[in-house]
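> If you scroll down you'll find the structure; I have some questions about it.
The values are calculated or read from the model by the stated rules, or taken from the named source; none is laboratory data. The structure displayed is predicted, hence computed values, not measured ones. For neighbour counting, all protein chains shown are included, and Cβ atoms are generated from backbone atoms with ideal geometry for every residue, glycine included.
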Amino acid sequence: MLYGKYQFICRFEKETILPEYKGSTLRGVFGHALKKVICALKRQTCDTCLLKQKCLYCVIFETNQAIESKDSRIAAPPHPFVIEPPLTTQTHFSKNDTLEFQLILFGNINHQLPYFIYAFDQIGKIGIGKHIHGQQGQFVLESVSRDQLMIYSNSDQNIQIPNAFQPLVLSDVTEYPDTELNLNVIFETPLRLKFENKLNADIPFHVFVRSLLRRVSSLLNVYGQGEPDIDYRGIIKRAEQINIIHNNLKWVDWRRYSNRQDKEMLMGGIIGEITYKGHIGEYMPLIEFCSTVHIGKQTTFGLGKFKAEIHNSIVT
């Protein structure tokens, strides 16, 4: 699967107030700006639009309308992007302060990066955050880079897309020892995880593994080479034998405003860390893959970001 992770650096031109968790704000303004840039038939909804299967906005935000999954078991194709907001809880930004965030793209959507850059450049002119004296905070998109390679700079206004993209693949399970290990998982952004049709505040290892499998399966099915060859039933059954030896997870709630529904919504998720003990080796390819692409619901907001540590060595 083609994979790209891009660093955006913005510099505020005036005082700006943002929420503590900035992922939903960035995702919301990005959707609004992209539709304004891309949409050809301004008065139509995506589900009735004749252009939906060719429209970049529809592919990115109304993915289930534009892309048909190769596997009928996948309820809806995953969105081809994740916005990773800064983990800082800073809410007040002064003029000339900077805001950095990461944009992750999957599959051929990487070749459409200029549209993402242009949309965020337009967001800076439109404004973001709470109104101060009747105006939202404006910023300049200073630069976009990948792996320290400059792609866009405000100084020259040129975009240079790298020719090569790093593929994201499942590593070989034989690279990991088949012995009893301790695995510490740290959820850095809230995880919204449904099991048995309800959101859970606890994460038994087999529930964690089910989420990993769903994410890997759906992404590779839609944006990669197809369904990976995994013994789903067996790997879940063995996951039920993995024990929790330390649990420091907690549920957090926050509010976000939905432009689409025109109302404030209460969101919640799990943060903190949990330690599992057992034969972890066969699960490490899934864990490494998903620590890069996030898991759970609302990953486009940056939710479900985690890292994993084994024997005090960070493996993600």
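Residues are listed down the side, and each one gets a yes or a no for (1) within 25 Å of Pro86 (Cβ to Cβ); (2) touching a Leu at 6+ places or on another chain (Cβ under 8 Å); (3) part of a helix (DSSP H, G or I):
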| residue | (1), (2), (3) |
| --- | --- |
| Ile161 | yes, yes, no |
| Ala164 | no, no, no |
| Ser171 | no, no, no |
| Asn182 | no, no, no |
| Pro190 | yes, yes, no |
| His206 | no, no, yes |
| Ser218 | no, no, yes |
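> Right, another one. If you take the residues of segment 82-104 that are closer than 20 Å to Gln160 by Cα and hydrophobic (A, V, I, L, M, F, W, C), which of them is surrounded by the fewest Cβ atoms within 10 Å (Cβ to Cβ)?
Per the stated criteria, the residue is Phe101.
> Suppose the filter is assigned to a loop (DSSP other than H, G, I, E, B) and surrounded by 19 or more Cβ atoms within 10 Å (Cβ to Cβ); does Lys52 pass it? Steps first, answer last, please.
Numbers: assigned to a loop (DSSP other than H, G, I, E, B): yes; surrounded by 19 or more Cβ atoms within 10 Å (Cβ to Cβ): yes.
Judged against the criteria, Lys52 is a match.
> Taking the condition of being within 23 Å of Ile242 (Cβ to Cβ), β-branched (Val, Ile, Thr) and under 20 Å from the mean Cα position of the chain (by Cα), how many residues in segment 204-232 meet it?
Result for segment 204-232: 3.
> Could you run through segment 221-234 and say how many residues are in a helix (DSSP H, G or I) and either in contact with an Asp or Glu (Cβ under 7 Å, 6 or more places away or on another chain) or among the basic types (Lys, Arg) (or both)? If you could, list the steps in order and put the result at the bottom.
The initial filter retains those residues of segment 221-234 that are in a helix (DSSP H, G or I), namely 221-223, 232-234.
If we keep only those that are either in contact with an Asp or Glu (Cβ under 7 Å, 6 or more places away or on another chain) or among the basic types (Lys, Arg) (or both) as well, we get 221, 233.
The number of residues fulfilling the criteria is 2.
Residues checked against (1) over 17 Å from the mean Cα position of the chain (by Cα); (2) at negative phi; (3) among the basic types (Lys, Arg); (4) surrounded by 17 or more Cβ atoms within 10 Å (Cβ to Cβ):
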position: Phe106; (1), (2), (3), (4): no, yes, no, yes
position: Ile123; (1), (2), (3), (4): yes, yes, no, yes
position: Lys130; (1), (2), (3), (4): yes, yes, yes, no
position: Met150; (1), (2), (3), (4): yes, yes, no, no
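> Then there's this: Can you run down the residue pairs with Cβ atoms below 8 Å, 6 or more apart or on separate chains, where the first is in segment 79-93 and touching a residue at least 60 places away in the same chain (Cβ under 8 Å) and under 30 Å from Asn221 (Cα atoms) and the partner is assigned to a loop (DSSP other than H, G, I, E, B) and of a type in the set (Phe, Trp, Tyr)?
Taking only residues 6 or more apart or on different chains, the pairs are Pro85/Tyr21.
> Given Ile60, Ile104, Ile38, which one is touching a helix residue (DSSP H, G or I) at 6+ places or on another chain (Cβ under 9 Å), over 22 Å from Arg146 (Cα atoms) and of a type in the set (Val, Ile, Thr)? Talk me through it step by step, then tell me what you get.
Numbers: Ile60 fails: over 22 Å from Arg146 (Cα atoms); Ile104 fails: over 22 Å from Arg146 (Cα atoms).
Unique residue meeting the criteria: Ile38.
> Suppose we filter Ile236, Ile203, Ile186, Ile244 for residues that are of a type in the set (A, V, I, L, M, F, W, C), at pLDDT 90 or above and crowded, with 20+ Cβ neighbours inside 10 Å; which single one remains?
Ile203
> A further question follows. Ser145 is checked against (1) in a loop (DSSP other than H, G, I, E, B); (2) surrounded by fewer than 20 Cβ atoms within 10 Å (Cβ to Cβ); (3) touching a Phe, Trp or Tyr at 6+ places or on another chain (Cβ under 9 Å) and fails just one. What number does that condition carry?
With respect to (1) in a loop (DSSP other than H, G, I, E, B); (2) surrounded by fewer than 20 Cβ atoms within 10 Å (Cβ to Cβ); (3) touching a Phe, Trp or Tyr at 6+ places or on another chain (Cβ under 9 Å), Ser145 is out only on (1).
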